[in-house]
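Here the structure comes first, spelled out in structure tokens, and everything after it is commentary.
The values are calculated or read from the model by the stated rules, or taken from the named source; none is laboratory data. A quick note: this is a predicted structure, and the numbers were derived from the prediction, not measured. A quick note on method: Cβ atoms are made from the backbone with ideal geometry, for glycine too, and the neighbour counts reach across all protein chains shown.
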Amino acid sequence: MVWKNMQKVGAVPSARYRYDRQLTQMLLLQLTTIIVSLIPYCAQTTYSAITMNEQKDSLRLAGDTLFVSISNLLFYLAYVTSFYIYVISSKAFRSKLVKRIPKLYYKICHKHPPQERQATAQIPTVSMETPIC
């Protein structure tokens, strides 16, 4: 999806080279993160399948539960870290994010974003029906 968007943009060659380099960095970082986070999860799943029928004392059960919790945390963090990888490795993504944060804040807080107002002098109007004195 990112690659198709890059082709639609039709960037100039030097900018396109920079975007390709950033895209490659992001994909390699994300792939590395996914692999590193999946190794403990796969090891935990394999270990649980092998030791499923064994009798375990409370200390071993506590260790297994800790291992399951840590491996699950790492497994789910792999999907969350893609956002942080994009922020760290892409200057274009960071600049768009910085521009969108105030809009998101006002949207979440149900406030209207501040609008630039032109300085105008308020001239009091006097109606003819109201006595001046």
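Pick out the one residue from TYR79, TYR86 that is touching a residue at least 24 places away in the same chain (Cβ under 8 Å), part of a helix (DSSP H, G or I), under 30 Å from TYR17 (Cβ atoms) and out of contact with any strand residue (DSSP E or B) (no Cβ under 7 Å at 6 or more places or on another chain).
The conditions single out TYR86.
So, SER14, is that one assigned to a helix (DSSP H, G or I), modelled with pLDDT of 85 or more and not basic (Lys, Arg) or not?
The answer is no for SER14.
Only one of these conditions is not met by MET6: (1) at pLDDT below 90; (2) touching a Ser or Thr at 6+ places or on another chain (Cβ under 9 Å); (3) among the aliphatic types (A, V, I, L, M). Which number is it?
Every condition holds for MET6 apart from (2).
Give the number of residues within region 10-63 that are surrounded by fewer than 11 Cβ atoms within 10 Å (Cβ to Cβ) and either of a type in the set (Asp, Glu) or farther than 22 Å from THR81 by Cα (or both).
Result for region 10-63: 15.
Looking only at region 64-86, filter to residues that are exposed (fewer than 12 other Cβ atoms within 10 Å of the Cβ) and not hydroxyl-bearing (Ser, Thr, Tyr); which one of those is nearest to the chain's Cα centre (by Cα)?
PHE83
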